[in-house]
């Protein structure tokens, strides 16, 4: 634990703060047609370029770490997924393999990443693209790094506590620039930041912490969706008529990295548009 803590503090403060400026462009939140799903894929395993096969066909060659694909509309169905180290497929031993079903109607991001103890794994997260209250933006943080649990703070006040790999924490916050940092869970030991987050009204913003604390190669990726604006009259006034408390300071929804069934669909398109970090 001592080596992980040292790696997290020493190896992330600069790299992850700078990475905020390299966030993926804001994209309109796509909606899937009947019988389809909207799926993005993020490659969060450091140092491993891969080729991805589905049902025996090569679908994503030379998929590099830190790459986040654009959302793709994919047909629902069943897929036999094999992920090989670059150049070792399709007759070699896959680094990851899973037979999965793709559900219709979902908007999800599938992440290939390291577990807390450094083993490659797959997790899928549902992207919340529902309406955001007027004057607000949605913020989610997804811990997909080989690193200990962390707390996420804004203005030195906790927003998300004890966030572990591969979990997510999210909430709605006032639109604008927020100064945020990440500390080791239960301490004031700053591991990342402080850094400014530009939370535009009506957007849903997802921050991925990925990589390995031990190897000091942690990185940050930001995925944003727009078009979730609500009318001013949609602001939740609460039963008393007063504005409801800022949900970023209230009880937060925790979502485990479940829904791996979406993984197969993420690779069901031969030509995937990619946003490179």
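Observations
- Checked against (1) at pLDDT 95 or above; (2) closer than 16 Å to residue 44 by Cβ, residue 162 passes all but a single condition, namely (2).
- Check on residue 107, within 19 Å of the chain's Cα centre (by Cα) and modelled with pLDDT of 75 or more: yes
- Residues of the range 50-79 satisfying the condition of being under 22 Å from residue 220 (Cβ atoms), modelled with pLDDT under 90 and part of a strand (DSSP E or B): 69
- All of 118, 105, 135 fail the test of being farther than 20 Å from residue 166 by Cβ, touching a residue at least 60 places away in the same chain (Cβ under 8 Å) and surrounded by 14 or more Cβ atoms within 10 Å (Cβ to Cβ), apart from 135.
- For residue 128, the conditions (1) loosely packed, with under 15 Cβ neighbours inside 10 Å; (2) at pLDDT 85 or above all hold with the exception of (1).
- Only listed residue being touching a residue at least 24 places away in the same chain (Cβ under 8 Å), crowded, with 19+ Cβ neighbours inside 10 Å and out of contact with any helix residue (DSSP H, G or I) (no Cβ under 6 Å at 6 or more places or on another chain), chosen from 67, 49: 67
- Taking strands (runs of 3 or more DSSP E) as the structural unit, those lying wholly within the range 122-192 and holding at least 2 residues that are more than 19 Å from the chain's Cα centre (by Cα) correspond to 157-163, 176-184.
The values are calculated or read from the model by the stated rules, or taken from the named source; none is laboratory data. Predicted model only: the values in this text are computed from it and were never measured. All Cβ positions, glycine included, derive from the backbone under ideal geometry; neighbour counts span all protein chains shown.
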